[in-house]
1. For the range 76-100, which residues satisfy the criterion of being under 12 Å from C46 (Cα atoms) and surrounded by 15 or more Cβ atoms within 10 Å (Cβ to Cβ)?
2. Identify, from the list C126, C85, C59, C102, the residue that is on the phi > 0 side of the Ramachandran plot and modelled with pLDDT under 90.
3. Among the candidates F112, F125, which residue alone is over 22 Å from I63 (Cβ atoms), in contact (Cβ under 8 Å) with a residue 60 or more places away in the chain and hydrophobic (A, V, I, L, M, F, W, C)?
4. From the residues in the range 24-47 that are over 16 Å from Q118 (Cβ atoms) and at pLDDT 90 or above, which one is surrounded by the most Cβ atoms within 10 Å (Cβ to Cβ)?
5. Just checking, does the range 59-70 include any residue being free of Cβ contacts under 8 Å to residues at least 24 places away in the same chain and either surrounded by 11 or more Cβ atoms within 10 Å (Cβ to Cβ) or of a type in the set (G, A, S) (or both)?
6. When the residues of the range 105-123 are narrowed to those that are of a type in the set (S, T, N, Q) and touching a Phe, Trp or Tyr at 6+ places or on another chain (Cβ under 8 Å), which ends up modelled with the highest pLDDT?
Amino acid sequence: MKGVSAVIATLLMLMITVGLATTAWVYISGMFSSAKQCILVVDKYCMSGTANFVIRNVCTDAIASQTITVTRTSPPGDTNPDTCCPDGIPSRTTKVYNDTTCGVGNQCMYRFLAPTGQALEDSVFCQ
């Protein structure tokens, strides 16, 4: 029986090493991209036609003043983008976003766009 030549064995080892390094890089870069999920809606409620969303900054950096864009996507009407949080949101804290235009008896849906590019949607029913 003949063995594999030293050149082919070296090339195979190099290909395996490159493949493992690529796999590790894809896994690690995926972990760091998930850190961009900086905002969460931790509570929502509606009182007298005013929708309220409690937004939490789960990142280690503060979110600057007026950098979260909020758009009401349903029901139709005032869909001009608004901004959230005039004082910003320090790391690991919450702020409340209020929309007085939702109206009693409406199911209002909102889209929150963080400065990191993260977007999330949530809705609230106003009684």
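1. Y97, D99, listed by residue number.
2. Testing whether each residue is on the phi > 0 side of the Ramachandran plot and modelled with pLDDT under 90 leaves just C85.
3. Working: F112 fails: over 22 Å from I63 (Cβ atoms).
On inspection, the qualifying residue turns out to be F125.
4. C46
5. Yes, because at least one residue in the range 59-70 is free of Cβ contacts under 8 Å to residues at least 24 places away in the same chain and either surrounded by 11 or more Cβ atoms within 10 Å (Cβ to Cβ) or of a type in the set (G, A, S) (or both).
6. Here is the first cut: in the range 105-123, the ones of a type in the set (S, T, N, Q) are 106-107, 116, 118, 123.
Restricting the remaining residues to those that are touching a Phe, Trp or Tyr at 6+ places or on another chain (Cβ under 8 Å) gives 106-107, 123.
Values: N106: 89, Q107: 90, S123: 93.
Ranking the qualifying residues of the range 105-123, first place goes to S123.
The values are calculated or read from the model by the stated rules, or taken from the named source; none is laboratory data. Since the structure is predicted, the reported quantities are computational estimates derived from the model, not experimental observations. Note that each Cβ is placed from the backbone with ideal geometry, even for glycine, and that neighbours are counted across all protein chains shown.
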